[in-house]
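Student: This is the structure, below, for whatever I ask next.
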Amino acid sequence: MTGFTGSSGTAVVCRTEALLWTDGRYFLQAEHELSSDWKLMRQGIDLSLEDWFGNHIPDSSKIGVDSRFVSSSLATTWNTALAKKASQLVDVQPNPIDEIWNSIAQGEEGSRPPLLQNTVFALPVEFSGESVTSKISRVRAAMNANKPAATVLILTALDEVCWLFNLRGSDVPYNPVFPAYALLTPTECTLFANYSRFTPEAVKILEESQVQLRAYEEAIDFVTTASKNQVVWADAQFSSWKINQSISGATSQVSVTTPVTRFKAVKNSFEIEGMKRCHARDAVAVIEMIRWLETAQILENGDLAHPDGGVMDEIRVASYLESQRQTLEHFRGLSFATICGSGSNGAIIHYHAKPDTSRAVNVNQMLLIDSGGQYLDGTTDITRTIHLGQPSPYERDCFTRVLKGVISLSRVTFPEGISGYQLDLLARFGLWENFLDYRHGTGHGVGSFLNVHEGPHGISSRYSTQSNEPFGVGLVTSIEPGYYEDGKFGIRIENLAVCQLAKAEGFDRKKYLSFDTLTVVPIQAKLINPELLSPVEIAWIDKYHHKCRTTVLPLLSNESLSEWLIQNTRPLHEQLAQTKV
């Protein structure tokens, strides 16, 4: 409806105007994608939607929404704001957007794509590390331990359903999930899905685990009946307003994060080892892509020439990187659409190249590549910013300040109970010293062959439920500070890391934690200004590059690629001595 393709936004359509709210990751993107019919509302800068309600709608208004697509917590927030104007949300069915969309014939421009109905398969225990029966038992124990004890638990987040039942699908692009609900009681467990496409092995495992299978369409009515006079646990952040309405007959409701959210986020030893293996393999694809770019022919204007003719543009770079990942063991697809931004496009934080926007890769400009893969044994997400020519002193300074943030977070030791909100400033301090900053969070949770973004934890300068979640052993997070200059360049360096025990008992008998970096791809030396780094920071870079070499080199059979890795993982002073900067 809006033409906006970012992953986060809220559209409001009135009789006389149309507005779209989005966050700082998408300001530039929305400016480019929205037509003049829309007004962009920048979260954190312009009026919030709740304040806009207070200033712009008349009293006794009714604001229409589709209750299936608004979370219970968001509906509560909006209704609270609307009550000040004697107004309220109303559920509009049928959804008028659906009616318009469905009226466009298949194949015509703007037609609604059909729902995918792909095969759902069982993830072997060698990758999940825990049986379905064991997971259900743990969840029931957590339900019973709650005060008051929950007698019904409803799961609506697709990755939580997939984790609980050790199932994976491919109905949602880049996420190995499928449409489903689940309901647990102390004695029964029901999965609502189109189970006709489950593999025989998946059905067998579910039956052995005493999981009942019902049609997806039965979920709402079943939940309504099963919730009456019960203590119902449904996460208000992920369950829809529709679900919330269906459990109105409950004796009481528990609206906080479900136990599955935390269980899923805390990776077991099988999952951690799988993440290490898949990151090592994934590194092979990324370093081959970088080597490929560095050895490309340079045209007179500085653009890189593509071996098949024409110029090397962003789309072709992303395609080559995907082709390299496709050759790797256990590869099941990308974990998100590759972000490849050359020059000014790199400043669009979540930029996706299209035929009419894809810029040539040029030796006089920065190139930001944010990409990842889904593997049976884990999920990857990595960003590297490189320069294929001679970076300016200013570009090197900015890059080094971003790198200082990566190093600071990667090497920190902290007591158990510290949250991402408290850790975030470590990533920004080097930028703040030079009056620089970035508009996105610093870290997000990552699933194990599941969603590349998961909770309950996160690292951000904005206080929220996720950023206030304490870190603990087994949580995987991204570490990804950046810096972006509109119309010029973007810089982001991203590694994934797993939280580990640093010391079992420190001050005040607390456990102390640290991060073990999973990503093993070298950081380009020519972009580093060593004058901005301390000896400790330089030592971290050298140690990290040694880890990249020893982890990835045994996987390489290509002699030129092995030599590239050796050269680019030498001590920093050796690399800079041979680099003209």
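The values are calculated or read from the model by the stated rules, or taken from the named source; none is laboratory data. Fair warning: this is a prediction, and the values are worked out from it, not measured in the lab. Every residue, glycine as well, gets a Cβ built from its backbone with ideal geometry; the counts of neighbours run over all protein chains shown. Side chains included, ligands, DNA and RNA excluded: accessible areas come from the protein's heavy atoms. Shrake-Rupley method; radii C 1.70, N 1.55, O 1.52, S 1.80 Å.
Student: Identify the residue in region 488-510 that is modelled with pLDDT of 95 or more and over 23 Å from the mean Cα position of the chain (by Cα) and, among all such residues, is least open to solvent (accessible area, probe 1.4 Å).
Tutor: Taking region 488-510 as the starting set, the residues that turn out to be modelled with pLDDT of 95 or more are 488-502.
Narrowing further to those that are over 23 Å from the mean Cα position of the chain (by Cα): 488, 501-502.
Values: Lys488: 126, Leu501: 86, Ala502: 54 Å².
Checking each candidate, the answer is Ala502.
Student: Still on this structure, I have one more. For a quick check of your reading of the model, give me the residue pairs whose first member lies in region 246-267 and is under 30 Å from Thr379 (Cα atoms), whose second is in a helix (DSSP H, G or I) and aromatic (Phe, Trp, Tyr), with beta-carbon atoms closer than 8 Å and at least 6 apart or on different chains.
Tutor: So the pair list comes out as Val260/Trp163; Phe263/Trp163; Lys264/Trp163.
Student: Exactly one of these conditions fails for Lys85: (1) touching a Gly at 6+ places or on another chain (Cβ under 8 Å); (2) part of a helix (DSSP H, G or I). Give me its number.
Tutor: (2)
Student: Please go through region 80-108 and pick out each residue that is open to solvent by 50 Å² or more (accessible area, probe 1.4 Å), of a type outside the set (S, T, N, Q), under 19 Å from Ser61 (Cα atoms) and more than 31 Å from the chain's Cα centre (by Cα).
Tutor: Ala83, Lys84, Ala86
Student: Also: Every residue in region 232-241 that is in a loop (DSSP other than H, G, I, E, B) and either open to solvent by 30 Å² or more (accessible area, probe 1.4 Å) or not charged (D, E, K, R) (or both), please.
Tutor: Across region 232-241, the qualifying residues are Ala236, Gln237, Phe238, Ser239.
Student: Under the condition of being hydroxyl-bearing (Ser, Thr, Tyr) and open to solvent by 10 Å² or more (accessible area, probe 1.4 Å), which residue from region 247-262 is nearest to the chain's Cα centre (by Cα)?
Tutor: First, pick out the residues of region 247-262 that are hydroxyl-bearing (Ser, Thr, Tyr): 248, 251-252, 255, 257-258, 261.
If we keep only those that are open to solvent by 10 Å² or more (accessible area, probe 1.4 Å) as well, we get 248, 251-252, 255, 257.
On the way: Ser248: 33, Thr251: 36, Ser252: 33, Ser255: 23, Thr257: 18 Å.
Per the criteria, the residue is Thr257.
Student: Can you tell me which residues in region 264-297 are more than 30 Å from Ser131 (Cβ to Cβ) and loosely packed, with under 15 Cβ neighbours inside 10 Å?
Tutor: Let us first name the residues in region 264-297 that are more than 30 Å from Ser131 (Cβ to Cβ), namely 283-297.
If the condition is that a residue be more than 30 Å from Ser131 (Cβ to Cβ) and loosely packed, with under 15 Cβ neighbours inside 10 Å, then Glu294, Thr295, Gln297 are the ones that fit.
Student: If you don't mind, there's one more thing I want to ask. Regarding region 55-66, can at least one residue be identified that is closer than 19 Å to Ile243 by Cβ, open to solvent by less than 40 Å² (accessible area, probe 1.4 Å) and among the aliphatic types (A, V, I, L, M)?
Tutor: Looking for residues that are closer than 19 Å to Ile243 by Cβ, open to solvent by less than 40 Å² (accessible area, probe 1.4 Å) and among the aliphatic types (A, V, I, L, M), one finds at least one in region 55-66, hence yes.
Student: Further question: So which of Glu329, Glu288 is within 23 Å of Gln567 (Cβ to Cβ) and of a type in the set (D, E, K, R)?
Tutor: On the way: Glu329 fails: within 23 Å of Gln567 (Cβ to Cβ).
Every option except Glu288 fails the conditions.
Student: Given the structure, is Asn244 assigned to a helix (DSSP H, G or I), farther than 30 Å from Thr569 by Cα, of a type in the set (S, T, N, Q) and open to solvent by 40 Å² or more (accessible area, probe 1.4 Å)? Explain how you work it out, then say what you get.
Tutor: Numbers: assigned to a helix (DSSP H, G or I): yes; farther than 30 Å from Thr569 by Cα: yes; of a type in the set (S, T, N, Q): yes; open to solvent by 40 Å² or more (accessible area, probe 1.4 Å): yes.
For Asn244, the condition - assigned to a helix (DSSP H, G or I), farther than 30 Å from Thr569 by Cα, of a type in the set (S, T, N, Q) and open to solvent by 40 Å² or more (accessible area, probe 1.4 Å) - is met.
Student: Could you please tell me which pairs satisfy a Cβ distance under 7 Å, a separation of 6+ or placement on different chains, a first residue in region 38-60 that is closer than 20 Å to Arg439 by Cβ, and a second residue that is acidic (Asp, Glu)?
Tutor: Within 7 Å, the pairs are Lys39/Glu17; Leu40/Glu31; Gln43/Asp23.
Student: Using beta carbons and a limit of 8 Å, which pairs, at least six apart or on different chains, have the first residue in region 325-337 and at positive phi and assigned to a loop (DSSP other than H, G, I, E, B) and the second one among the charged types (D, E, K, R) and open to solvent by 20 Å² or more (accessible area, probe 1.4 Å)?
Tutor: So the pair list comes out as His330/Arg281.
Student: Report, by residue number, each residue of region 175-201 that is more than 27 Å from the chain's Cα centre (by Cα) and over 23 Å from Arg68 (Cβ atoms).
Tutor: Answer for region 175-201, where residues must be more than 27 Å from the chain's Cα centre (by Cα) and over 23 Å from Arg68 (Cβ atoms): Thr185, Pro186, Thr187, Glu188, Cys189, Thr199, Pro200, Glu201.
Student: Please find, within region 7-27, the residue that is modelled with the highest pLDDT out of those that are open to solvent by 20 Å² or more (accessible area, probe 1.4 Å) and within 23 Å of Ser335 (Cα to Cα).
Tutor: Restricting attention to region 7-27, the residues satisfying the condition of being open to solvent by 20 Å² or more (accessible area, probe 1.4 Å) are 7-17, 23, 25.
Okay, now just the ones that are also within 23 Å of Ser335 (Cα to Cα), so 7-9, 23, 25.
Working: Ser7: 84, Ser8: 89, Gly9: 93, Asp23: 90, Arg25: 87.
Among residues in region 7-27 that are open to solvent by 20 Å² or more (accessible area, probe 1.4 Å) and within 23 Å of Ser335 (Cα to Cα), the one modelled with the highest pLDDT is Gly9.
Student: Given the criteria open to solvent by less than 20 Å² (accessible area, probe 1.4 Å), among the β-branched types (Val, Ile, Thr) and modelled with pLDDT of 95 or more, does Val552 qualify?
Tutor: Working: open to solvent by less than 20 Å² (accessible area, probe 1.4 Å): yes; among the β-branched types (Val, Ile, Thr): yes; modelled with pLDDT of 95 or more: yes.
The answer is yes for Val552.
Student: Let me ask something else. Looking at Thr251, Thr257, Thr261, which one is in contact with a Gly (Cβ under 8 Å, 6 or more places away or on another chain) and modelled with pLDDT under 95? Don't jump to the end; show me each part of the working.
Tutor: Details: Thr251 fails: in contact with a Gly (Cβ under 8 Å, 6 or more places away or on another chain); Thr261 fails: modelled with pLDDT under 95.
None of the others qualify; the one that does is Thr257.
Student: Now a separate question. On the basis of being of a type in the set (A, V, I, L, M) and under 28 Å from Ile136 (Cα atoms), does Ile339 make the cut?
Tutor: It is false that Ile339 is of a type in the set (A, V, I, L, M) and under 28 Å from Ile136 (Cα atoms).
Student: What tally of residues in region 175-231 results from selecting those that are open to solvent by less than 40 Å² (accessible area, probe 1.4 Å) and in a helix (DSSP H, G or I)?
Tutor: Residues that pass the stated criteria total 8.
Student: Looking at region 489-538, which of its residues are in contact with a Leu (Cβ under 9 Å, 6 or more places away or on another chain) and of a type in the set (Lys, Arg)?
Tutor: Once the filter is applied, which keeps residues that are in contact with a Leu (Cβ under 9 Å, 6 or more places away or on another chain) and of a type in the set (Lys, Arg), region 489-538 yields Arg492, Lys503, Lys511, Lys526.
Student: Ok, one more. If you scan region 511-534, which residues turn out to be in contact with a Gly (Cβ under 8 Å, 6 or more places away or on another chain), more than 18 Å from Gly405 (Cβ to Cβ) and surrounded by 17 or more Cβ atoms within 10 Å (Cβ to Cβ)?
Tutor: The one that is in contact with a Gly (Cβ under 8 Å, 6 or more places away or on another chain), more than 18 Å from Gly405 (Cβ to Cβ) and surrounded by 17 or more Cβ atoms within 10 Å (Cβ to Cβ): Leu513.
Student: I'd like to check something: does region 103-118 contain any residue that is touching a helix residue (DSSP H, G or I) at 6+ places or on another chain (Cβ under 9 Å), over 23 Å from Ala157 (Cα atoms) and hydroxyl-bearing (Ser, Thr, Tyr)?
Tutor: Here is the first cut: in region 103-118, the residues touching a helix residue (DSSP H, G or I) at 6+ places or on another chain (Cβ under 9 Å) are 110-112, 117-118.
Those still in the list that are over 23 Å from Ala157 (Cα atoms) too: 110-112.
Now restrict to residues that are hydroxyl-bearing (Ser, Thr, Tyr): 111.
Yes; the residues of region 103-118 include at least one that is touching a helix residue (DSSP H, G or I) at 6+ places or on another chain (Cβ under 9 Å), over 23 Å from Ala157 (Cα atoms) and hydroxyl-bearing (Ser, Thr, Tyr).
Student: What are the pairs with Cβ atoms under 9 angstrom where one residue, in region 428-439, is more than 14 Å from Leu409 (Cα to Cα) and at pLDDT below 95 and the other, located anywhere, is hydrophobic (A, V, I, L, M, F, W, C) and open to solvent by less than 100 Å² (accessible area, probe 1.4 Å)? Sequence gap at least six, or different chains.
Tutor: Arg439/Phe27; Arg439/Ile349
Student: I'd like the full set of residues that are part of a helix (DSSP H, G or I) and open to solvent by less than 10 Å² (accessible area, probe 1.4 Å), limited to region 137-162.
Tutor: Just the residues of region 137-162 that are part of a helix (DSSP H, G or I), to begin with: 137-145, 158-162.
Hits for region 137-162 are Val139, Met143, Glu160, Val161, Cys162.
Student: I'd like to check something: does region 159-174 contain any residue that is aliphatic (A, V, I, L, M), in contact (Cβ under 8 Å) with a residue 40 or more places away in the chain and within 16 Å of Thr258 (Cβ to Cβ)?
Tutor: Yes - at least one qualifying residue is present in region 159-174.
Student: I would also like to ask the following. Which of (1) in contact with a helix residue (DSSP H, G or I) (Cβ under 8 Å, 6 or more places away or on another chain); (2) polar (S, T, N, Q); (3) surrounded by fewer than 19 Cβ atoms within 10 Å (Cβ to Cβ); (4) closer than 26 Å to Cys162 by Cβ is the odd one out, the single condition Thr380 does not satisfy?
Tutor: (3)
Student: Okay, moving on. I'd like to know if region 116-124 contains one or more residues that are in a helix (DSSP H, G or I), of a type in the set (Ser, Thr, Tyr) and at pLDDT 95 or above. Full working, then the answer.
Tutor: Start the filter on region 116-124 by keeping residues that are in a helix (DSSP H, G or I), which leaves none.
Looking through region 116-124, none of the residues is in a helix (DSSP H, G or I), of a type in the set (Ser, Thr, Tyr) and at pLDDT 95 or above.
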